[in-house]
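Here's the structure, in structure tokens; my notes come after.
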Amino acid sequence: MLPVTILIVSLLSSVSGFVTAPGVQHPSVVTADAGSTTMLKSSSSSSTTADDELVEPSQRDARYGKDIAQYLVDLHDAKSTFDFCGGMMFQMVLSEQLRDHLIQVTKNTKEGEGDGRQQQPVIFDATKPRMHQIADYEQSAAADNSRLFHGREIRQVPDAAGGRGFVLQLSLANNDGNDDPEGWTPQEIEGYDGWGHDSSRVWREGDRLEEEGFTTFKSRFGSEAFALHHRFYLHFDSANRMWLSAEDGCEGTPARSESMFAPLSKLFGR
């Protein structure tokens, strides 16, 4: 067995490219390059696992087909993480109202009722790697829960999957008077400028979000959590991987449940 010090050095060297400098309270997420981010390889197995269906493009398509609503619900229920910047693991979290909405979309699609197929989330093709490239794009706070979503990048969440305290929350856009209590506040909508760089935007602490109307923010994400709101959309890359992308270009792709940081975390009992 390797001495502990050698083991630690080995593990750190394998992930050194992903370590964030200490002392940065509100770091900005660096734009990911869809062509350069590498998916974790699946372990050799003759059977399909839940991870395969959520992560591997061919298995995903075989399981979900065009039912993207169910796919997003299952990613949420599995506490799946998205790999941003080659190692920054963000847990994807749906608000209760958005989850309920997506479940209804799936139901309508299967039963051929309503406009379920029209309400299905859209995954744009690989020729649309940035939000501004999609049809009818405009710089605004508008979202339709299909092509564009309201969301937040939330930091310092104590129980976030992935072990980094990072969450990407998606909520139901405030349409038709059905306000999502976890959705964007009126102040977030009014001041939205997500096409700009994070450094020039307003991060909100829990107290501020609760004063503005998201009254359960701290109970949901922790008293130390803070957030930056973004519009998000979905697109494929040339390898048929799905990316969840913010308007400013920061993006992540579904990762396996066991991150490369797990061995180091377990070594320290975390």
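See the values below:
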| quantity | calculated |
| --- | --- |
| Residues that are in contact (Cβ under 8 Å) with a residue 24 or more places away in the chain and surrounded by fewer than 20 Cβ atoms within 10 Å (Cβ to Cβ), drawn from segment 195-209 | TRP195, GLY196, HIS197, ASP198, SER199, ARG201, VAL202, TRP203 |
| Odd one out for LEU228 among (1) in contact with a strand residue (DSSP E or B) (Cβ under 9 Å, 6 or more places away or on another chain); (2) of a type outside the set (Asp, Glu); (3) modelled with pLDDT under 95 | (3) |
| Qualifying positions in segment 50-108 - open to solvent by 20 Å² or more (accessible area, probe 1.4 Å), at pLDDT below 95 and at positive phi | CYS85 |
| Whichever residue in segment 210-222 is surrounded by fewer than 20 Cβ atoms within 10 Å (Cβ to Cβ) and not small (Gly, Ala, Ser) and, among such residues, is farthest from the chain's Cα centre (by Cα) | GLU211 |
| Which numbered condition SER199 fails, given (1) farther than 17 Å from THR253 by Cα; (2) at pLDDT 95 or above; (3) of a type in the set (Gly, Ala, Ser) | (2) |
| The lone exception for VAL24 - which of (1) open to solvent by 70 Å² or more (accessible area, probe 1.4 Å); (2) among the hydrophobic types (A, V, I, L, M, F, W, C); (3) modelled with pLDDT of 75 or more it fails | (3) |
| Pairs where the first residue, in segment 130-152, is without any contact (Cβ under 8 Å) to a residue 24 or more places away in the chain and the second is part of a helix (DSSP H, G or I), C-beta under 9 Å, 6+ apart | TYR137/MET131 |
| Test: residue in segment 197-205 that is in contact with a helix residue (DSSP H, G or I) (Cβ under 8 Å, 6 or more places away or on another chain) and not basic (Lys, Arg) | no |
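The values are calculated or read from the model by the stated rules, or taken from the named source; none is laboratory data. Owing to the predicted nature of the structure, the values given are computational and were not obtained by experimental measurement. Neighbour counts are summed over all protein chains in view; Cβ atoms, including those assigned to glycine, are modelled from backbone coordinates with ideal geometry. When the accessible area is computed, the model is the full protein with side chains, heavy atoms only, and any ligands, DNA or RNA have been set aside. Shrake-Rupley method; radii C 1.70, N 1.55, O 1.52, S 1.80 Å.
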